Ligand SMILES: Cc1cc2nc3c(=O)[nH]c(=O)nc-3n(C[C@H](O)[C@H](O)[C@H](O)COP(=O)(O)OP(=O)(O)OC[C@H]3O[C@@H](n4cnc5c(N)ncnc54)[C@H](O)[C@@H]3O)c2cc1C
């Protein structure tokens, strides 16, 4: 850490840590970033060939300005790295008119005047032959939705960080931290460091670093499957958009046209088993496939009966309200936390990096992040009699 700016340690080099390291180093911070695993590894949350990006955000209209900023930053990263990271395919959200998905997407589209159309079920099928909504469903189509390349995106962010002088230490793990008089003391499995700030971006491993009285996080196992449908052209862009469908039981299934034009990726959003990053079952079972096929039968029946090409296990790190945690670690002024992305964080990675750099270098950000305050669960804790506040020195993670 040799530059003149503040000394910042970034722990975790998945999507969020890589974006933070890139933004911080670009803006003059002296960055040391570490991760026990290698770039583009498949044990966390940022692998799997594709990620959806969309603007008519059913979860909450508060996310729309952030995702719009993220689109611009992904395009800038593409230009900087000379790689194609974002392909616009359009997107369709399918459900009954009163479903959480359609109502939520419509609320965001109206609030932010996003281009969109609402189609009846038969028109969804006519426009996108792979999709067969039931007659009581509608489809909200947004032209600006598309697909991101997650592994390449992370590599580009890492390249950018290194290009701006960040030291990247793969094979090095954060063990613990303690606030000091003038910053934070950081312990890794290789050394002890003094820094002005620590940025925690440890994904599904965050729980062991924030400790039992830190913000509540739970890890959920997710299975993504690539099918080989006979009519594969129907599952390729532009004939097939990215799609999310809400079933009559309130379950969410989604699909992404594959860039290889041979296969189509699909998965359930949530509905997975609670797990830990260390002990999660990483093999995909027959039962996993059966339950996905059952759900897909309601929206993309040709996938539900198609042979499987490949499958992968990935991890969600959920907060109780499924909103992110971004901000100062409660009670620790020298530690920033970016975690709990609850299965919908990837698209935001570059803007999360920018926000973390704002908080680290300016002390505040113009982006609307109030809803992500890591301290918001303290009130619930106090009401339920749980221990107040986080422990400033979390127990060491496993070496
Ligand atoms: C199947 C699946 C599909 C998804 N689909 C979408 C989608 O379509 N659109 C979307 O926007 N989002 C999607 N998401 C969510 C998105 O991918 C995640 O929110 C995002 O990738 C989380 O990034 P992260 O940096 O927090 O975690 P990760 O990328 O897992 O990074 C955490 C890093 O921390 C490191 N680490 C762990 N312990 C330590 C330690 N002690 N010290 C230092 N480093 C440590 C790990 O090795 C890891 O590299 C999906 C997620 C999954 C699993």
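The values are calculated or read from the model by the stated rules, or taken from the named source; none is laboratory data. Bear in mind the structure is a predicted one, so any value in this text is a computation, not a measurement. Cβ coordinates were reconstructed from backbone atoms using ideal geometry, including for glycine residues, and neighbour counts include every protein chain displayed.
Tell me, which strands (runs of 3 or more DSSP E) wholly within segment 157-221 include 1 or more residues that are within 19 Å of residue 332 (Cα to Cα) and touching a residue at least 40 places away in the same chain (Cβ under 8 Å)?
Working: elements: 167-170, 174-180, 183-188, 192-195, 197-200.
Of the strands (runs of 3 or more DSSP E) lying wholly inside segment 157-221, those with at least 1 residues that are within 19 Å of residue 332 (Cα to Cα) and touching a residue at least 40 places away in the same chain (Cβ under 8 Å) span 174-180, 183-188, 192-195, 197-200.
Scanning segment 8-45 for residues that are surrounded by fewer than 24 Cβ atoms within 10 Å (Cβ to Cβ), more than 22 Å from the chain's Cα centre (by Cα) and either assigned to a loop (DSSP other than H, G, I, E, B) or not assigned by TED's automatic domain parsing to the domain that holds residue 174 (or both) turns up 27, 28. Taking the criterion of being in a loop (DSSP other than H, G, I, E, B) and either more than 8 Å from the chain's Cα centre (by Cα) or near the ligand (Cβ under 6 Å from one of its atoms) (or both), the residues of segment 335-351 that qualify are 340, 341, 343, 344, 345.
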